[in-house]
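Bear in mind that the values in this text are calculations on the coordinates, not laboratory data. The structure displayed is predicted, hence computed values, not measured ones. Cβ placement follows ideal geometry from the backbone for every residue including glycine, while neighbour counts extend to all protein chains displayed.
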Amino acid sequence: MTTATKEAKTYHSKIDLSDDLRKKVVAKLQITLAATADLTSMAKQAHWNVKGSRFYQLHILFDETYNEINEYIDMVAERITALSGYAHGTVRMSAKASPLPEYPDNITCGEKHLEALIERYAIYAKHVREHIDAMTNLGDAGTADMYTEISRAVDKRLWFLEAHLEG
Ligand SMILES: [Fe+2]
């Protein structure tokens, strides 16, 4: 688990964003790509392993959660390549760079899976929100807008997950 920002590699491009700016943005996006891929695999982990009286409802909820976050892997990776960066998106690359804590490997009960996902979604939601301002301050409105879109969906998903723990 690391949040260290490494120097990003970028290719030549005629895009009207400086090489220096693109390197900074791509380095941040690499961490987001890793976190997004990591979170995606956690939603599937919950989908497969949940048991108990609410099994079917949560099994479906976690798959819906997976499908939603999975879309953002491609969006983030292709923002990296659109900025002429190189996307590091394999499972092993993601595991090395993700800032999220490992998902527990011994839980089955629905509440435990909800709690585990909520904890990780909250960290991810904070990471994404912080990058809206960071990208705006760097001068990349396009990437800031992408983070805003992800942030809105993640806030809503966090609400869905938390609502299942209420009452
Ligand atoms: Fe399935």
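One table, with the values for the structure above:
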read-out: Point-to-point label distance, W48-V91, nm (Cα→Cβ direction, 7 Å offset); value: 0.8 nm
read-out: Share of Cα-Cα pairs in the chain lying beyond 25 Å, as whole percent; value: 32 percent
read-out: Net charge, N106 excluded, C-beta distance under 13 Å - Lys, Arg +1, Asp, Glu -1; value: 0
read-out: Computed helical MRE - 222 nm, the chain, DSSP H runs ≥ 4 contributing -39500 (n - 2.57), nearest 500; value: -25000 deg cm²/dmol
read-out: Tilt relative to the chain, helix 141-163 - C-alpha long axis, 0 to 90 degrees, to 10; value: 10 degrees
read-out: Length added when fully stretched, A122-N70, from 0.36 nm per residue minus Cα-Cα; value: 17.0 nm
read-out: Under 11 Å from the A82 label point (7 Å along Cα→beta-carbon), backbone N, the range 119-142; value: 141-142
read-out: In the range 1-72, the trypsin sites (Lys or Arg not before Pro) that fall in loop regions by DSSP, at most 13 other Cβ within 10 Å; value: K6, K9, K14
read-out: Cross-link reach list, lysines versus K44, counting only Cα pairs under 21 Å and skipping chain neighbours closer than eight places; value: K96, K112, K156
read-out: Formal net charge of residues neighbouring I123 (Cβ-Cβ distance under 15 Å; K, R +1; D, E -1); value: -3
read-out: Distance (nanometres) between label positions extended 7 Å along Cα→Cβ at A163 and E102; value: 3.4 nm
read-out: Surrounding net charge for E68, when Lys and Arg each add one and Asp and Glu each subtract one, Cβ distance under 14 Å; value: -2
read-out: Spatial separation of Cα centroids for the range 101-167 and the range 73-89, in angstrom; value: 20 Å
